[in-house]
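The structure appears below as structure tokens.
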Amino acid sequence: MKRVIQILLVMVGLLASTQLHAIELLPTFGDIDHIHLPALMVQHADGDQSLQLRAQDTTYIDNPQYKEMIIATKDLAQPFYVTIHVRQWKAVEMTETWYDISHTEKRPVRLQRYDSGYLPIEGDNPHLLHIHGNWAAEGVPTVERLTRGIKTIRNSDGARNAHLDAPEVMISLDGVPQENSGRVLGAALCWSGNFEIRVAATDEKGFHFYAGIDPMASEYILSPKQVFTTPHLAYTYSNEGMGGVSRAFHRWARTCGMMHNGNATRSILLNSWEGIYFDITEEKILAMMNDIASFGGELFVMDDGWFGAKYQRNSDNAALGDWVVDTRKLPNGLEALTDAAKDRHIKFGIWIEPESTNTLSELYEKHPDWVLQERGRELKLGRGGTQLVLDMTNPEVQDFVFSIVDNLLTKHPEIVYIKWDANASIQNCGSTYLPRDKQSNLYVDYHLGLIKTLERIRAKYPNVVIQNCASGGGRANYGLMPYFDEFWVSDNNDALQRVYIQWGTSYFFPSNAMAQHIGGSPYLMTGRTTPIKFRCDVAMSGRLGMELQPAHMTDEERLQCTVAFRDYKALRELIQLGNLYRLVSPYNDKCQMSNVKLPETQSVAALMYVNDAKDHAVLFAYGLSSFMKQASRRIRLAGLDPNRTYTLYEKNKQVRWGSLPSGEGWGEVSSALDGKSFTGAYLMSVGLDIPLSTEYNIDYPSRIFELK
Ligand code: DGJ
């Protein structure tokens, strides 16, 4: 095993550079001292609990994409085997580890803990950053100092795992993590189910990092000859602080961590949800299509409410599972809509929630055994008081879920986009499909069944764009992203809170995966009124879309959106595929209100994207709170070539009535920086005084500058 570790140290350069000291690649119960925790713990068929793995054979794969080391190990006493995989990507700074676990014992073996990876960590003053939040408040970063004891981050939702606590963390080795400097390790458990991440300091010698499926209520019963493959653990290391870790995750995601067109740009869309909710009619949908086409948008997505026969989907309490067009709402079927989209030169997409049903549905009436349920106990009901999760461990259910997508896309090949929603946790932890002695496999087998179904869908429909949605960002994780092109960041479209939500989400996810929509104002959830330019500028820093009823927009709002869409198209590749540099965090802005006096400078957030050649960049700056005559905020840029001269071109300029030379009509108003040139060195060391507020726009000001 020692030799193996040496090879690993050479192969995985980052291990050496982080001063990690390898104890074992896979600490097992029965082979570790009393101080350490096991990453793998099993109970053998004969009741024995010890595991002492020894390397049998090491093989290597070396292909253009990655190098992989595969170490076959066997227990000293039992016919129990673990194959350790360590894959190092070549074009991106990312390593993945995972284990294949199998045995030929006489009866099933109980996997009591089965992590995906383990890393010893040595640092002077390690700090942990992890992302948490809630529905409508996703992506909150929390930083804390690691101290003696065990820090555990876990999620028990069952079906989704990115609301509450998410399965991605960073560990700074030298104190509070900095954005652009310092040694930081980043790790993501590629799994959408329950997980547990632990950082343990159980002696004075350093910290030990473990990540894997949460074993609570999930002791996995492994039959002889069955191979259990743990989820992958992806990790990276950077000397360039959190920003370096984020950029590595973004590059890796675009190369291999998301559906294969992760390197493609995405269309500007209007989604029907917050505009009309369940109140879908052909007339309303056609009018919304007219609107998005008139702004220069490229795609219309019909959200929840379009389906149901015996039961109508007029609220969230009925018809999930009955995936037929509701002809009372859409008398001419989906054909009328896909034809209309074609006439308007836009594309068409549709919402589904395939893993769920309602007690008020024909599906549930026909297949009550298809829902997750605890035998002999009353069903716990979710959304709408009727929602239930289907049993994805059951192959018949997997076929049904596949057929939902297959039927839609076979009958309507014009559908280019699917929003796949998941609005329920696993509340009934039981399966009528799984045998009684394998009920504890449910939380895991649910996801294996889901992944199998998604693989089937992707094999047949590789090109359709599929959005991963779970009551907002509940499934923003790398367990499911290989099958999805993007995810819905949050149900909260309040532009101010979106600055924070998107900021936290960007720590691990790339901008072309982050669906960001312009919401209405005053915003329905928060009542906050924000200017249309601010709403556009906030949404434009990721995959741009709209989530409102255009019929309620003013002329100014319509015009601003048209300008925003025009400018976004010209910058789309840079925004969606560029390298992200976070400049001023909304979280650690020092200019908060005090009870003594107003802050002297504006409270702001700023970020930018730079292309690989460093000759093209775009800067986004948002005013979070502003007061008259307050000093503007100097923002130092990053990621540029110090020797190059850049000219600033203002984008999505504010539209304003009366700003044309004639004094009449709508015009676009520039700030003083528009057209000015600076060297990269100046922009990065001295920075820019960004003129955010103007006398006619003090609340929620924002600016976008292209740099060429
Ligand atoms: C939750 C999603 O997050 C929303 O965007 C919307 O699609 C609703 N579900 C529809 O029920």
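Derivation of every value follows stated rules applied to the coordinates shown; laboratory data play no part. These figures come from a predicted structure and were not determined experimentally. Note that we place each Cβ from the backbone using ideal geometry, even for glycine, and neighbour counts take in every protein chain shown.
Sum -39500 (n - 2.57) across every DSSP H segment of at least 4 residues in the chain, then divide by the residue count to get the 222 nm mean residue ellipticity, nearest 500. Roughly -6000 deg cm²/dmol at 222 nm, from the helical runs in the chain. Computed 3J(HN,Hα) for segment 321-330, one whole-Hz value per residue from the Karplus formula 6.51 cos²θ - 1.76 cosθ + 1.60 where θ = phi - 60°, is x, 9, 8, 10, 5, 7, 6, 5, 8, 10, glycine and proline marked x.
Straight-distance candidates among the lysines for linking to Lys90, with alpha-carbon spacing under 18 Å and chain neighbours fewer than 8 residues away dropped: Lys67. Excluding same-chain neighbours fewer than eight residues apart, the lysines reachable from Lys106 by a Cα-Cα span under 22 Å are Lys74, Lys225, Lys438. The label point for Arg145 and the one for Lys284, both projected 7 Å from the Cα toward the Cβ, are 5.5 nm apart. With R₀ set to 45 Å, the beta-carbon distance separating Arg644 from Met525 gives a calculated FRET efficiency near 0.55. Here Lys342 is the anchor, and the lysines within straight C-alpha reach of less than 24 Å, apart from those fewer than 8 places off in the same chain, are Lys284, Lys329, Lys411, Lys419, Lys460, Lys569. Antiparallel beta bridges, as assigned by DSSP with both residues in the chain, represent about 80 percent of the total such bridges. With bins 20 Å wide beginning at 0, the percent of Cα pairs of the chain falling in each bin runs 17, 48, 30, 4, 0. Lysine pairs, Cα distance under 26 Å, 8 or more residues apart or cross-chain: how many in segment 594-708? Close lysine pairs found across segment 594-708: 13. Please label the shape of segment 561-708 as rounded, prolate or oblate, based on the square roots a ≥ b ≥ c of the eigenvalues of the alpha-carbon gyration tensor (a/c under 1.5 means rounded; beyond that, a/b larger than b/c means prolate, else oblate). Oblate.
Farthest toward the positive end of the dipole of the chain, out of Tyr646, Thr152, Gly123, is the Cα of Tyr646, where the dipole comes from beta carbon charges about the Cα centre. Working from the Cα coordinates of segment 481-629, the gyration tensor eigenvalues give, after taking √(5λ), semi-axes of 24, 21, 15 Å in decreasing order.
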